[in-house]
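The structure under discussion appears below in the form of structure tokens.
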Amino acid sequence: MPVGIFRVCLLVITAIVNHPLFFPKENGTVPENTEEIIQKMKEREESLRLELLRLEKEIADQEATQKALEKAALVVEESKEEKVRWDMWTALSMVIFLLIELWRQDFHEGNWQDIGGEEDDMAVLGKAFKGIAFPNKAVLASFYEKRILGTTRDMARMREMVEGFADDLLEALRSVCNRDADMEVEDCVGVGSMYENWRVRKPFVCDLIVPFAPPEPYCFRCQTWCSGDSFPPDEQGYGTIKVCRADEDVTGCICDKTKLGEDMLCLLHSQVSTTRPSSEMEDLLCFRNTQYLDPDQVMKWFQIAVTRAWNRISHKYEFDLSFSLLDSPGALKIKFRSGKSIAFNLTPVVQYENSDVYFISHFPRSSLAADVPSSTHWFLTFAVYERRFIHLVSKTLPANACHVSCLQILSFLHGKQCSLTGPSGLTNYHLKTVMLHLLQTHPSQDWAPEKLEARLQDMLKFLERCLHEKKLYHFFIGNGKVPGELGFPIIFQRAEPLNLFRPFVLRRDIYRKTVDTFHEMLRNMSALINEYTVHIPLAHTNGIRKESL
């Protein structure tokens with residue numbers, strides 16, 4: 001107990017002694033130290049706040065950097081996935097391309113000109129025939145006998161007369177030409193509808209081509225669009241003819257490209273065999289400053305030569321000869337004193353190698369070569385092979401086959417319609433091409449004379465399909481099924497098919513006019529045929545229909 005009381009008293013005394021008010025002078029600096037401490041604490045607090053802001057900023061920057069890295073990694077990952085997908089699409093595209101190429105090869109070798117003979121195609125493509133009364137077999141037979149046969153009986157006599165006069169004229173042409181400097185003219189060859197026996201519209205015009213060759217020691221080196229070099233689409237079907245020396249290498253000698261010294265001599269070419277200067281090359285009918293044959297120069301030379309030849313033999317004949325058309329340089333007309341006249345075309349051509357394919361300078365009365373790419377391009381004609389193919393196939397067809405009759409009727413109808421509504425983009429050559437395609441795809445028995453109506457409908461539907469697709473392929477170019485008996489050059493069989501309707505793709509106005517003319521011809525077909533058909537009793541018509549059933 002006393003010890004406890006002592007401890008309480010000691011505590012009280014200690015508290016009194018240490019109270020700040022008990023010794024005021026000795027402890028007067030306490031408030032000043034407190035303010036300093038408070039100031040330092042504020043400064044410390046501010047520094048800590050600034051440090052906290054700095055740390056927060058660093059943390060935010062680190063987080064932003066981390067997000068950027070994660071985003072970059074995500075982009076890289078996506079790009080890798082996209083690259084994988086792109087590689088997959090590239091591979092898939094290559095596979096599709098190869099499949100298309102394989103299909104194209106099969107299409108090219110086999111069914112390269114699809115005639116659309118299936119019933120489904122005809123159901124879709126025969127829309128133009130709906131509501132049209134197609135002439136029956138009896139009406140067509142009467143029309144053909146009255147209108148076609150009645151006007152074509154004199155063709156053989158006319159051909160014989162024109163060929164005889166042309167041979168005499170060319171013989172006179174050879175006599176007036178300089179054999180050492182002028183072109184060498186060969187015998188003429190008859191081509192076209194007059195020599196294939198299907199021309200129906202007057203005036204009858206014989207088409208004769210005249211092959212020619214350069215004088216010695218020169219020769220022609222021909223290059224076609226399918227010879228290996230790339231040709232633009234507008235030059236397909238064309239070629240060029242280079243005038244070279246017979247002993248000149250195709251690639252040319254180095255002496256033509258390198259200046260030899262005065263004391264050096266080329267062992268292959270002497271001074272006598274040097275290339276002619278440009279003026280003499282123009283004498284060889286080349287385009288200026290080139291070695292390429294110019295079609296216009298050739299026609300000018302040919303017209304002058306024909307005129308000189310006629311002046312030499314004109315005293316032997318009792319008629320006049322003149323050039324009849326300005327736009328057809330080879331168009332000639334024989335005028336008799338009685339007022340009658342006979343027209344024919346004499347066109348110079350260049351033979352392609354050792355074949356019957358020819359480079360032709362101009363197409364008379366045809367738009368096939370309307371836009372020649374340049375003054376050195378020549379169009380290729382396969383007219384001799386076309387005539388030979390028709391003759392070859394005709395041997396396998398039934399007697400009095402209807403293939404020529406179909407072409408004649410179609411040519412007549414189209415010509416009549418054009419005389420009413422104006423010219424269209426279709427030509428007789430297009431119509432003949434249609435017949436050639438159908439001749440190759442239809443069996444021989446399908447061309448029996450009693451099937452005239454069916455085959456004529458096939459030709460019209462085939463032509464309608466080609467107009468709808470704007471595709472009508474040349475019969476020989478790209479056709480791997482050409483009979484080997486024709487001896488047709490393999491280079492043209494392996495070429496890409498040539499679309500004769502390509503101008504319709506480029507010229508919509510011509511295409512629209514052509515389609516309208518075709519549909520108008522279908523609507524007027526019965527009226528045009530009935531106009532030239534004798535009256536057929538109804539009983540006779542019904543009897544023929546029953547026989548056909």
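State all residues of the stretch 315-324 that are in a strand (DSSP E or B) and acidic (Asp, Glu); if no residue qualifies, say none. Explain how you work it out, then say what you get.
Here is the first cut: in the stretch 315-324, the residues in a strand (DSSP E or B) are 319-323.
Listed by number, the list holds a single entry, ASP320.
Do you know which residues across the stretch 145-169 are buried (at least 17 other Cβ atoms within 10 Å of the Cβ) and closer than 19 Å to ILE313 by Cα?
Passing the criteria: VAL162, GLU163, PHE165, ALA166, LEU169.
What's the total number of residues in the stretch 466-504 that are within 15 Å of MET435 (Cβ to Cβ) and either touching a residue at least 60 places away in the same chain (Cβ under 8 Å) or not in a helix (DSSP H, G or I) (or both)?
Start the filter on the stretch 466-504 by keeping residues that are within 15 Å of MET435 (Cβ to Cβ), which leaves 466, 472-476, 479, 500.
From the residues that got through so far, the ones that are either touching a residue at least 60 places away in the same chain (Cβ under 8 Å) or not in a helix (DSSP H, G or I) (or both) too are 472-476, 479, 500.
Selection size over the stretch 466-504: 7.
For the stretch 323-334, give me each residue that is free of Cβ contacts under 8 Å to residues at least 60 places away in the same chain and either open to solvent by 40 Å² or more (accessible area, probe 1.4 Å) or touching a helix residue (DSSP H, G or I) at 6+ places or on another chain (Cβ under 9 Å) (or both).
PHE323, SER324, LEU325, LEU326, ASP327, PRO329, GLY330, LEU332, LYS333
Could you please let me know if ALA128 is open to solvent by 60 Å² or more (accessible area, probe 1.4 Å) and modelled with pLDDT under 70? Step through it out loud before you land on a result.
Working: open to solvent by 60 Å² or more (accessible area, probe 1.4 Å): no; modelled with pLDDT under 70: yes.
No: the conditions fail for ALA128.
Just a yes or no: is a residue in the stretch 527-540 over 19 Å from GLN417 (Cβ atoms), among the β-branched types (Val, Ile, Thr) and modelled with pLDDT of 90 or more? Give the steps one after another, and end with the answer.
Filtering the stretch 527-540 down to residues over 19 Å from GLN417 (Cβ atoms) leaves 534-540.
Of the ones still in play, those that are also among the β-branched types (Val, Ile, Thr) are 534, 536.
Now narrow it down to the ones that are modelled with pLDDT of 90 or more: none.
For the stretch 527-540, residues over 19 Å from GLN417 (Cβ atoms), among the β-branched types (Val, Ile, Thr) and modelled with pLDDT of 90 or more: absent.
Which residue, of GLY487, GLY480, GLY415, is at positive phi and surrounded by fewer than 20 Cβ atoms within 10 Å (Cβ to Cβ)? Let's see the steps before the verdict.
Values: GLY480 fails: at positive phi; GLY415 fails: at positive phi.
The unique qualifying residue is GLY487.
For the stretch 170-195, give me the residue count where each residue is part of a helix (DSSP H, G or I) and surrounded by fewer than 19 Cβ atoms within 10 Å (Cβ to Cβ).
Looking only at the stretch 170-195, we keep the residues that are part of a helix (DSSP H, G or I), and these are 170-176, 193-195.
Checking the rest, the ones that are also surrounded by fewer than 19 Cβ atoms within 10 Å (Cβ to Cβ) come to 171, 174-176.
Number of matching residues: 4.
If a residue must be under 16 Å from GLU160 (Cβ atoms), free of Cβ contacts under 8 Å to residues at least 60 places away in the same chain and acidic (Asp, Glu), how many such residues does the stretch 170-216 contain?
Total satisfying the criteria: 1.
How about the stretch 196-219: which of its residues are of a type in the set (A, V, I, L, M) and either in a loop (DSSP other than H, G, I, E, B) or surrounded by fewer than 20 Cβ atoms within 10 Å (Cβ to Cβ) (or both)?
Residues of the stretch 196-219 of a type in the set (A, V, I, L, M): 200, 205, 208-210, 213.
If the condition is that a residue be of a type in the set (A, V, I, L, M) and either in a loop (DSSP other than H, G, I, E, B) or surrounded by fewer than 20 Cβ atoms within 10 Å (Cβ to Cβ) (or both), then VAL200, ALA213 are the ones that fit.
Report whether or not THR396 is part of a strand (DSSP E or B), over 24 Å from the mean Cα position of the chain (by Cα) and hydroxyl-bearing (Ser, Thr, Tyr).
On the way: part of a strand (DSSP E or B): no; over 24 Å from the mean Cα position of the chain (by Cα): yes; hydroxyl-bearing (Ser, Thr, Tyr): yes.
Against the criterion (part of a strand (DSSP E or B), over 24 Å from the mean Cα position of the chain (by Cα) and hydroxyl-bearing (Ser, Thr, Tyr)), THR396 does not qualify.
Filter the stretch 346-362 down to residues that are among the hydrophobic types (A, V, I, L, M, F, W, C) and closer than 14 Å to GLU386 by Cβ and give me whichever is modelled with the lowest pLDDT. Walk me through how you get there before you give the answer.
First, pick out the residues of the stretch 346-362 that are among the hydrophobic types (A, V, I, L, M, F, W, C): 346, 349-350, 357, 359-360.
Restricting the remaining residues to those that are closer than 14 Å to GLU386 by Cβ gives 357, 360.
On the way: VAL357: 96, ILE360: 92.
Checked the stretch 346-362; the qualifying residue modelled with the lowest pLDDT is ILE360.
From the residues in the stretch 280-301 that are open to solvent by less than 50 Å² (accessible area, probe 1.4 Å) and under 14 Å from PRO214 (Cβ atoms), which one is modelled with the lowest pLDDT?
Ranking the qualifying residues of the stretch 280-301, first place goes to MET281.
Among the strands (runs of 3 or more DSSP E) confined wholly to the stretch 325-365, which include 1 or more residues that are farther than 23 Å from TRP310 by Cα? Quick ask: steps written out before the conclusion?
Numbers: elements: 331-336, 341-351, 358-360.
Passing ranges, in order: 341-351, 358-360.
When the stretch 421-469 is examined, which residues are found to be surrounded by fewer than 17 Cβ atoms within 10 Å (Cβ to Cβ) and closer than 16 Å to VAL505 by Cα?
Result: HIS468, GLU469.
The values are calculated or read from the model by the stated rules, or taken from the named source; none is laboratory data. What you are looking at is a predicted structure, and each value in this text was computed from that prediction instead of being measured. Cβ: placed from backbone, ideal geometry, glycine included. Neighbour counts: every protein chain shown. Only protein heavy atoms, including side chains, enter the accessible area calculation; ligands, DNA and RNA are left aside. Shrake-Rupley method; radii C 1.70, N 1.55, O 1.52, S 1.80 Å.
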